[in-house]
Each structure stands twice: as C-alpha cells, then as structure tokens.
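Asks: Below: one structure in structure tokens.
The values are calculated or read from the model by the stated rules, or taken from the named source; none is laboratory data. Note that the coordinates shown come from a computational prediction; the quantities given were computed from them, not determined experimentally. Cβ placement follows ideal geometry from the backbone for every residue including glycine, while neighbour counts extend to all protein chains displayed. Surface accessibility is based on the protein's heavy atoms, side chains included, excluding ligands, DNA and RNA. Shrake-Rupley method; radii C 1.70, N 1.55, O 1.52, S 1.80 Å.
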Amino acid sequence: MLPTTKDTQLDTADNKDKLLNKILDNQTRELALKEKEIEAQNKHDQNSLEFAKVSLKAQSEDTSRNIKHHTRIIGMRYWFAGVVIMIISMLVAYALATDNDVFALEVIKAITFLIAGAVGGYGYRSSKNNNP
C-alpha cells in the first residue's frame, strides 16, 4: 500500500512536531547541564578564594616571624660588637694605665689591620657582585 499525499503531509507535520519536541528537550537538558557546570565553577571559585585567604594569612604570619627573627639577629650582632669593643677598650685602657704603651700600640695596630682587611674584603666582594 502506497501512502497518499495526505498521509505524507500528516507524517511530515507529525515528524516536525516530534523533531521540535526533541530539540526542545535537548536544549532543556543542555541548559540543565550548563547550570550544573556553573554551580560547579562557582563552588570551585569559592574554594579557591578560601584557599587564597588561608594562604595569604599563613604567608603574612611567616613574613612577620621572619622580620622578627632578622631584627633579633641584627640586635644580637650589635650587642656582640659592643661587647667586643668594650673588652678591647678596657684592655687598651688597662695597658695604658700600667705604662705598657707598646702592648697598647700593638693592639691598636692589630685592630687597624683587621678593620682595613674587613673594609677591603667588603669592597672586593661588592665589586665582584656588581660585575656582570
């Protein structure tokens, strides 16, 4: 049995409706999937934000502790230098008070050579670091 023109037109109209319904269903599913993807992305962004906050707080605390440590080290260096200078000054003053001028002169010469060597070494290192 051959289909008539009227049957073909009905089938085509019916098929068009089915096709449109399928397209609408697919678009609805796509929109639902997009909505889920957006929710997942928002959750990921929120987690990233929380992680960044915690990371910045930890980094801030670490930097603060690092600054305190370096400040303490510098303070200890100044105390050490002050104590050494005081001991050497007392030694020179004692030598001068006991009329041991030669010993005092030798101590002063040794200190002068040490200071000159330190300044020269610092200058040498600085020139090496500045050369490309």
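Asks: Of the residues Asn26, Asn66, Asn21, Asn15, which single one is open to solvent by less than 100 Å² (accessible area, probe 1.4 Å) and modelled with pLDDT of 95 or more? Reasoning before the result, please.
Replies: Working: Asn26 fails: modelled with pLDDT of 95 or more; Asn21 fails: modelled with pLDDT of 95 or more; Asn15 fails: modelled with pLDDT of 95 or more.
Checking each option against the conditions leaves just Asn66.
Asks: May I ask you to verify whether Val54 is hydrophobic (A, V, I, L, M, F, W, C), under 30 Å from Leu114 (Cα atoms) and open to solvent by less than 100 Å² (accessible area, probe 1.4 Å)?
Replies: It is false that Val54 is hydrophobic (A, V, I, L, M, F, W, C), under 30 Å from Leu114 (Cα atoms) and open to solvent by less than 100 Å² (accessible area, probe 1.4 Å).
Asks: Mind listing just one residue for me: the one in region 95-118 that is of a type outside the set (A, V, I, L, M, F, W, C) and in a helix (DSSP H, G or I) and, of those, surrounded by the most Cβ atoms within 10 Å (Cβ to Cβ)?
Replies: For region 95-118, the residue satisfying everything is Glu106.
Asks: With respect to Val92, determine if the residue is exposed (fewer than 10 other Cβ atoms within 10 Å of the Cβ) and either assigned to a helix (DSSP H, G or I) or touching a strand residue (DSSP E or B) at 6+ places or on another chain (Cβ under 7 Å) (or both).
Replies: Taking the combined requirement at face value, the residue does not satisfy it.
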